[in-house]
Amino acid sequence: MDGLTMHQSAAILRYLARKAGGLYGRDKVDALHCDVAYDTISDLRIMMLGYFYEPNKESSDEKRKTVLEELAPMYMRNLEKLVNENGGYFVNGQLTWVDIAFAPLIDYMSHMAGKDLVADKPALKAARDRVYALPSIAKYVETRVKYAY
């Protein structure tokens, strides 16, 4: 990335959104809302990783039950509400890097959950589908390496 070797995907996403222009919101308040929305999604992902990669089956099953029956529904309701309140997007009625990051993240999280997490969340499903319908992203998805999830 610009001659740099970097890690931490969220930092890279934020950098690229700033560089591209227009993908980090209209102002600093929108940027803050982007960070809050992404970090909320990431918090749920981290909880799911906690059970998905847990080597102890009993511990994994307990964590999975708590996450999928208690925490994920709450997070998904809140994210659905956020997208509904923002005209189908995560921030201020406009496409941001959070919308773009959400699409593959929710697919991966659905893989870890063993079910489509947006199946009963029409606003989130539409947000994901809208990103995958963007011409450059649709072309990439069509030709990319297919992963297990």
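The values are calculated or read from the model by the stated rules, or taken from the named source; none is laboratory data. Predicted, not measured: the structure shown is a model, and the values here were computed from it. Every residue, glycine as well, gets a Cβ built from its backbone with ideal geometry; the counts of neighbours run over all protein chains shown.
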**OP:** Test ASP99 against the stated conditions and say whether it is without any contact (Cβ under 8 Å) to a residue 60 or more places away in the chain and either surrounded by fewer than 16 Cβ atoms within 10 Å (Cβ to Cβ) or of a type in the set (Phe, Trp, Tyr) (or both).
**Re:** no
Subject >> Residue pairs meeting the criteria (Cβ under 7 Å; at least 6 apart or on separate chains; first closer than 20 Å to TYR51 by Cβ, in region 106-125; second assigned to a helix (DSSP H, G or I) and hydroxyl-bearing (Ser, Thr, Tyr)) >> reply: ASP116/SER110; LEU117/SER110
Subject >> Scan of region 74-117 for residues that are among the hydrophobic types (A, V, I, L, M, F, W, C), assigned to a loop (DSSP other than H, G, I, E, B) and farther than 20 Å from ARG18 by Cα, ordered by number >> reply: LEU117
**OP:** Could you list all residues from region 47-73 that are among the aromatic types (Phe, Trp, Tyr) and surrounded by 12 or more Cβ atoms within 10 Å (Cβ to Cβ)?
**Re:** TYR51, PHE52
Original post:
Does LEU124 satisfy the criteria of being surrounded by 20 or more Cβ atoms within 10 Å (Cβ to Cβ), at pLDDT 95 or above and among the aliphatic types (A, V, I, L, M)?
Top reply: yes
**OP:** Count, please, the residues in region 1-19 that happen to be within 24 Å of GLY93 (Cα to Cα) and touching a Phe, Trp or Tyr at 6+ places or on another chain (Cβ under 8 Å).
**Re:** 6
**OP:** Say whether the condition of being surrounded by 14 or more Cβ atoms within 10 Å (Cβ to Cβ), within 24 Å of LYS115 (Cβ to Cβ) and of a type in the set (Phe, Trp, Tyr) is met by at least one residue in region 26-46.
**Re:** yes
Original post:
Condition test on SER136, is it surrounded by fewer than 12 Cβ atoms within 10 Å (Cβ to Cβ), small (Gly, Ala, Ser) and free of Cβ contacts under 8 Å to residues at least 12 places away in the same chain?
Top reply: yes
**OP:** For GLY93, work out the one condition from (1) surrounded by 15 or more Cβ atoms within 10 Å (Cβ to Cβ); (2) closer than 24 Å to TYR24 by Cβ; (3) of a type outside the set (A, V, I, L, M, F, W, C) it doesn't fulfil.
**Re:** (1)
**OP:** Output the qualifying pairs, or none if there are none: Cβ atoms under 9 angstrom, residues six or more apart or on different chains, first residue in region 14-40 and of a type in the set (Asp, Glu), second residue at pLDDT below 90 and in a helix (DSSP H, G or I).
**Re:** ASP35/ALA10; ASP35/ARG14; ASP39/ALA10
Subject >> Odd one out for MET76 among (1) surrounded by 14 or more Cβ atoms within 10 Å (Cβ to Cβ); (2) at pLDDT below 95 >> reply: (2)
Subject >> Residue count for region 52-62, restricted to those that are more than 13 Å from HIS111 (Cβ to Cβ) and in a helix (DSSP H, G or I) >> reply: 6
Subject >> Which listed residue is over 30 Å from ALA20 (Cα atoms) and modelled with pLDDT under 95, from THR66, THR143 >> reply: THR66
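Conditions tested, residue by residue: (1) within 26 Å of ASN86 (Cα to Cα); (2) assigned to a helix (DSSP H, G or I).
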site	(1), (2)
TYR132	yes, yes
SER136	yes, yes
LYS139	no, yes
VAL145	no, no
